[in-house]
Structures are given as structure tokens and as C-alpha cells.
1. Across segment 124-161, what is the number of residues that are farther than 28 Å from residue 92 by Cα and touching a helix residue (DSSP H, G or I) at 6+ places or on another chain (Cβ under 8 Å)?
2. So which residues in segment 138-170 are of a type in the set (Ser, Thr, Tyr), farther than 15 Å from residue 128 by Cβ and either at pLDDT below 95 or in contact with a Pro (Cβ under 7 Å, 6 or more places away or on another chain) (or both)?
3. Identify, please: which residue in segment 110-148 is over 23 Å from residue 16 (Cβ atoms), touching a residue at least 40 places away in the same chain (Cβ under 8 Å) and in a loop (DSSP other than H, G, I, E, B) and is, among those, farthest from the chain's Cα centre (by Cα)?
4. Taking segment 165-180, which residues are of a type outside the set (A, V, I, L, M) and either within 17 Å of residue 235 (Cβ to Cβ) or not in a loop (DSSP other than H, G, I, E, B) (or both)?
5. Condition first: in contact (Cβ under 8 Å) with a residue 60 or more places away in the chain and aromatic (Phe, Trp, Tyr). Can you find one or more residues in segment 270-288 that meet it?
6. Would you be able to say whether some residue in segment 193-205 is assigned by TED's automatic domain parsing to the domain that holds residue 260, in a strand (DSSP E or B), touching a Pro at 6+ places or on another chain (Cβ under 8 Å) and modelled with pLDDT of 90 or more?
7. Within segment 275-311, can you find the residues that are surrounded by fewer than 17 Cβ atoms within 10 Å (Cβ to Cβ) and among the hydroxyl-bearing types (Ser, Thr, Tyr)?
8. Find the strands (runs of 3 or more DSSP E) located wholly in segment 241-356 whose residues include 1 or more that are within 17 Å of the chain's Cα centre (by Cα), and list them.
Amino acid sequence: MSEHSTRLLIAASGTGGHLFPALALAEQLNEYEIEWLGVPDRLEQTLVPDCYPLHTIPVTGFQTRFGWNSVTIFSRLIAAIFQVRRLLREKNIHLIFTTGGYIAAPAIIAAKLQGIPVIIHEANFLPGKVTRWFGGFCKAIALGMSGTAQYFSNTPTVYVSTPVRKQFHQSQPLDLPIPTDVPVIVVVGGSQGAVAVNKLVRQCLKAWLAAGAAVIHLTGDRDSEQHPPHPTAYFPMAFSDKMAGILQRADLAISRAGAATLTELAFTQTPAILIPYPYAAENHQAFNAKVFGDAGAALVYSESELTASMLEGVVLDLLQQPERLEEMRLKTANLAVKDSAERLATLVRQTIHLAI
């Protein structure tokens, strides 16, 4: 069987944290034919290139407590398993790669029924439910953070970090009218934004701008507040597909602690103030942030303890201590794995070779 007839199914859906690492891997595997498994009306509808045929299944997340809604969710899961199994047969899929989340469950179970190997990538320090429940069905679990290996004793794990998009491997322009000698603060709430962080930041803007900083504020698409009128130094935007250029230029980031965002911060050597999203599943962002905090790459604050006056003061202090920012930058760089996509691609190729 030639390599060109080998087919992969990538199951990645919902958020940039799930999609971007999968897209980075797909860019490394040009010798294979790749199909994509997603969910209707999620980010994959716009982010996945046309060269990867997109198939969708109407699966939803699992609830913590059992109730009438759980019956609907379970019935959809069963239907999705058979739908994926049919897809695996029709497309003659040889391996499934998934970045976890609820779309991974039907993909992994269907692959198990078909005898097809699965590699799952777990980007978070604390593994998600699907990874913990179904990781034992996979040939290997690729880890975004090395310490996550402690949660798995019966399934092979391989530390590869988390792949980033190609734009992060090259110097990118900022494309905003900010002078080179002006310190830049970037606020990142993740692909869905962070309303609570947005409110804090807006209370601090006046002081930061008065100190001579520029603020690039990624508000997310759930932000309904009016933007303060600071056209020359304040740059609010719902979303940007040019994050590499923004983070490469940033002197400091204020961010949630999603695994993909943290990987991008490490890649661009951007010091950060991390405010983990308190309602993330099992508070997993707090575990992610602790890795960066313990390494000295970031300052970590819980949302409940952080006030606007505290945030304002911490940022102003950091901006006045370039040597401390430089120290944080170097420690952030130590967390980056530059060849993560290549490592993950090697694992995929080795698993396929053994399977066929």
C-alpha cells in the first residue's frame, strides 16, 4: 500500500485550543489524505481549509449529573458512533487523530469497534474527561505538558508539547500603528473572549495609557460593552487571525490559561499575567497556569482575588521593571518546544507504519 493511499481522520472541534494544534499537525502530513470530523456551527466550519473534507456529527458535551437531558446526549452519542463507524469504512481510514473534547468520544469508540488505531493529544495539564475515560482505547496519548504523564499508567504517553500554526515559526508584522518604542500590553481572553477580564481591563485602561503603553484588546465575540474612545493607543478587536505578530510585539500579555494560548505565549516568549477561567471543566486552566507560574514565566491570579486596582498596579510595576520582564521572557522561552508539530507527526507516522 502506498503512502498516498493512506487516510487519516482528524477529530477536532469547537475552540481554537482544539483546532489549531490539529491544523498544525495536518500541515506536517501532506503525504496522507486527511478527512476532518467536526460539529455543525462550530469554528471548524470556517477554520478548516477546503482541502480537508469536513464531516459533521450532532454530538454534544457530557453532563456531570444524570438527568433527562443525559438521555438525549447519550442517544446522540450512540448515533454518532455508528455515523463515524460508517465514515471509517467508506473512507478506508487507517488512523484517527483527535485533540480531545466531546467529539473524541464517538471517534475513539468507533475506531475501537473497527480496529483502527487512535492517537489523542491532551494539551492541558489536567486531562479532560474524555481523555481519562477513553485514553485506554488509544495507541498513545500525546502530551502537551510533561507532568500530565502521572495521570496515565496503562497507556503509552509521549511528550510532544502542543503544536502551533506556521505563522508562529516566523517573524510576523504587527500591522497596527504602534511606534516601536511604545510598550505593548495584549489582552487575550481565548477564542470566546473573557467578559470578566474585559471589565477589569477597561477599568485599568486610563492608567496604562497615561503611562505611555498601547493596549491591544481581544474582547471576544461575547463582549457587549462600548469601547472607550482611545483611537491612538487602544486597539479593541473581537478576534484576530494574526496572533503571532501581536504576541511577538507584546511586552506583556494578560490572558486566560487555555493550553493553546499558553503554548503561543511560550513560542513568542511573551511574559504574562494569567487569570485562569474559573468555570473551565474541573478548573483545568488553574493547573495549566500553575506550570507557568512555577517556572517563573507568569504571574498567576485567581479571578476571585483580582481587583481592578490590583491589576492596574501589577501591570504598571512590570512596565517599570524591564529587567524583570526580560527574566520572565527567558523563563517563558524555556517552556517552548519548537519542533512540537514534527514530534507529533513522527508519532502519527510510526503508528500508521505499524498498523498497515
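The values are calculated or read from the model by the stated rules, or taken from the named source; none is laboratory data. In this text, all values refer to a predicted model and were calculated from it rather than measured experimentally. So basically every Cβ, Gly included, is an ideal-geometry build from the backbone, and we count neighbours across all protein chains shown.
1. So in segment 124-161, the residues farther than 28 Å from residue 92 by Cα come out as 124-129, 144-154, 159, 161.
Subset that is touching a helix residue (DSSP H, G or I) at 6+ places or on another chain (Cβ under 8 Å): 124-129, 144-145, 147, 151-152, 154, 159, 161.
Residues flagged as farther than 28 Å from residue 92 by Cα and touching a helix residue (DSSP H, G or I) at 6+ places or on another chain (Cβ under 8 Å) within segment 124-161 amount to 14.
2. At the first step, the residues of segment 138-170 found to be of a type in the set (Ser, Thr, Tyr) are 146, 148, 151, 153, 155, 157, 159, 161-162.
Subsequent filtering for residues that are farther than 15 Å from residue 128 by Cβ retains 146, 153, 159, 161.
If the condition is that a residue be of a type in the set (Ser, Thr, Tyr), farther than 15 Å from residue 128 by Cβ and either at pLDDT below 95 or in contact with a Pro (Cβ under 7 Å, 6 or more places away or on another chain) (or both), then 146, 153 are the ones that fit.
3. Top of the filtered list is 116.
4. To start, the set of residues in segment 165-180 that are of a type outside the set (A, V, I, L, M) comprises 165-173, 175, 177, 179-180.
Across segment 165-180, the qualifying residues are 166, 167, 168, 169, 172, 173, 175, 177, 179, 180.
5. Within segment 270-288 (the criterion being in contact (Cβ under 8 Å) with a residue 60 or more places away in the chain and aromatic (Phe, Trp, Tyr)), the answer is yes, since at least one residue qualifies.
6. Initial filter on segment 193-205 (assigned by TED's automatic domain parsing to the domain that holds residue 260): 193-205.
From what's left, in a strand (DSSP E or B): none.
No, the conditions are met nowhere in segment 193-205.
7. 279, 302, 304, 307, 309
8. Values: elements: 252-255, 272-274, 298-300.
In segment 241-356, the matching strands (runs of 3 or more DSSP E) lie at 252-255, 272-274.
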